[in-house]
């Protein structure tokens, strides 16, 4: 008996099934390959980010060593390139760079009210002028409103009385716990000094953008006096309405040649009037015995960068350098 001959359409069907299976397997293999490559790239990026973070922490350790070995690390010529970020330091497969600034060159937000409970009009006026300068510096950015000043004071002081700034025409009233309890979710008014500038973020009217712009001029450390050997031009200009940009620049030019050793040396500067000198002399200093430094260390590997920011205190009595704040950016 003769075997049945297979029909032509049966062979075509089998061929189609085989081709379909090959196509499905090819698609699966292609998808697996793409997934594997994506995971490999993610793993590579993660490893590089970890290496960049380690480099940033290495830069912080270098800054700690420099602060420990120097009486005033920001004004010693041997550290000039290191602390200004001009030096790229090789670390492993990448680099790190470090910038160091003295914290007493900034305005202390905890000093807006005196320990006796009275408002410190001089420092409040300085913060208001600083806001004006920042708004003029970036006219296209959202305005920083005056209202954050009384709100900051109420956030930090220990009472539940609303702060009123009668010398401010608009936005002159602060907020206390009653306001924060109405928010969703409700929150507690801090009612104590801040340790980190980020602790100002919940303040009414404060935005991440506003805090980022203010951060380079504010601190939470020190006795409230501004170190004229360390502060920037913006803070210098905010000291008093009579402080012109030209006089502020003269102060900065003079200290580059020779740091001020006493406040009286300001009298010799051109443009420094008696009225201006008398207005600022009690709010400035040429340096404090216990020094605080803000360190920004950037670690880089390939095209990835990680920054760490820390506040250091040079304890001259104990001969140590303490890390008071630390955060990764």
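Compute the long axis of helix 121-137 from its Cα atoms, compare it with the longest principal axis of the Cα atoms of the chain, and write down the angle in degrees, 0 to 90, nearest 10.
Computed tilt is about 50 degrees.
Just report the Cα centroid separation between the range 83-129 and the range 228-242, whole Å.
If we compute the Cα centre of each part, the gap is 13 Å.
Output the peptides 122-128, 245-251, 102-108 sorted from most to least packed, where packing is the average of other Cβ atoms within 10 Å over each peptide's residues.
102-108, 122-128, 245-251
Taking N as the number of residues in the range 235-329, what is its alpha-carbon radius of gyration divided by 2.2 N^0.38 Å? Mind dumping the intermediate values first?
Details: Rg = 18.1 Å, N = 95, 2.2 N^0.38 = 12.4 Å.
Normalised by 2.2 N^0.38 Å, the Cα Rg of the range 235-329 equals 1.46.
Nearest 0.05, what FRET efficiency do residue 265 and residue 303 give at R0 = 45 Å with Cβ-Cβ as r?
Approximately 0.45, to the nearest 0.05.
Give the Cα extents of the chain along the principal axes, in whole Å, largest first.
127, 53, 39
Antiparallel DSSP bridges in the chain: what percent, to the nearest 5?
The answer is about 90 percent antiparallel.
To the nearest µm²/s, what D does Stokes-Einstein give for the range 224-286 at 4 °C and 1.567 mPa s, using the Kirkwood radius over alpha carbon pairs as Rh? Display every interim value, and only then the final one.
On the way: Rh = 11.4 Å.
Answer, rounded: 114 µm²/s.
Compute a Gaussian network model of the chain, connecting alpha carbons closer than 10 Å, and tell me which residue from 43, 95, 283 fluctuates the most.
Comparing 43, 95, 283 in the GNM, the peak value goes to 43.
Run the helix sum for the chain: -39,500 (n - 2.57) per DSSP H stretch of 4+ residues, divided by residue count, reported at 222 nm to the nearest 500 deg cm²/dmol. Each step should come with its number before you reach the end.
On the way: 9 runs with 130 residues, N = 329.
Helices in the chain give a 222 nm mean residue ellipticity of -13000 deg cm²/dmol.
For a paramagnetic label modelled at 7 Å from the Cα of residue 275 toward its Cβ, which residues of the range 238-261 fall within the zone defined by backbone nitrogen distances under 19 Å?
Residues 238-248 fall inside that zone.
In the Gaussian network model of the chain, springs joining C-alpha atoms below 10 Å, which of 289, 309, 176 carries the largest mean-square fluctuation?
Result for the chain, Cα springs under 10 Å: 289 fluctuates most.
What's the extension gain from residue 115 to residue 233 if we count 0.36 nm per residue and subtract their Cα-Cα distance? Mind dumping the intermediate values first?
Numbers: separation 118, 0.36 × 118 = 42.48 nm, distance 2.83 nm.
Stretched fully, the residue 115-residue 233 segment lengthens by 39.7 nm.
Rounded to a whole number, what is D in µm²/s for the range 252-293 from Stokes-Einstein with the Kirkwood radius over alpha-carbon pairs (25 °C, 0.890 mPa s)? Let's see the in-between values first.
Working: Rh = 11.5 Å.
Here the translational diffusion coefficient equals 213 µm²/s.
Expressed as a rounded percentage, what relative contact order does the chain have, with Cα pairs under 8 Å and six or more residues apart?
Reported as a whole number, the value is 23 percent.
Indicate the gyration tensor shape class of the range 108-215 (rounded, prolate or oblate), computed on the Cα atoms with a ≥ b ≥ c the square roots of the eigenvalues: a/c under 1.5 is rounded; otherwise a/b larger than b/c is prolate and the rest oblate. Intermediate values should be presented prior to the final figure.
Numbers: a/c = 1.58, a/b = 1.19, b/c = 1.32.
Oblate is the answer for the range 108-215, as a/c is 1.5 or above yet b/c matches or exceeds a/b.
With a Förster radius of 22 Å, plug the Cβ-Cβ distance of residue 65 and residue 324 into 1/(1 + (r/R0)^6) and report the FRET value to the nearest 0.05.
Once the sixth-power term is evaluated, E becomes 0.80.
For a label point 7 Å from the Cα of residue 164 along Cα→C-beta, name the residues of the range 175-196 whose backbone N is under 20 Å from it.
Those under the cut-off are 175-180.
Given the options 218, 23, 236, state which has the largest fluctuation in a GNM of the chain using a 10 Å cut-off (strictly under) for Cα springs.
23
Each reported figure results from applying straightforward, stated rules to the coordinates on display, with no laboratory input. Source: prediction; values computed, not measured. Glycine gets a Cβ as well: all are built from the backbone with ideal geometry, and neighbour counts include every protein chain shown.
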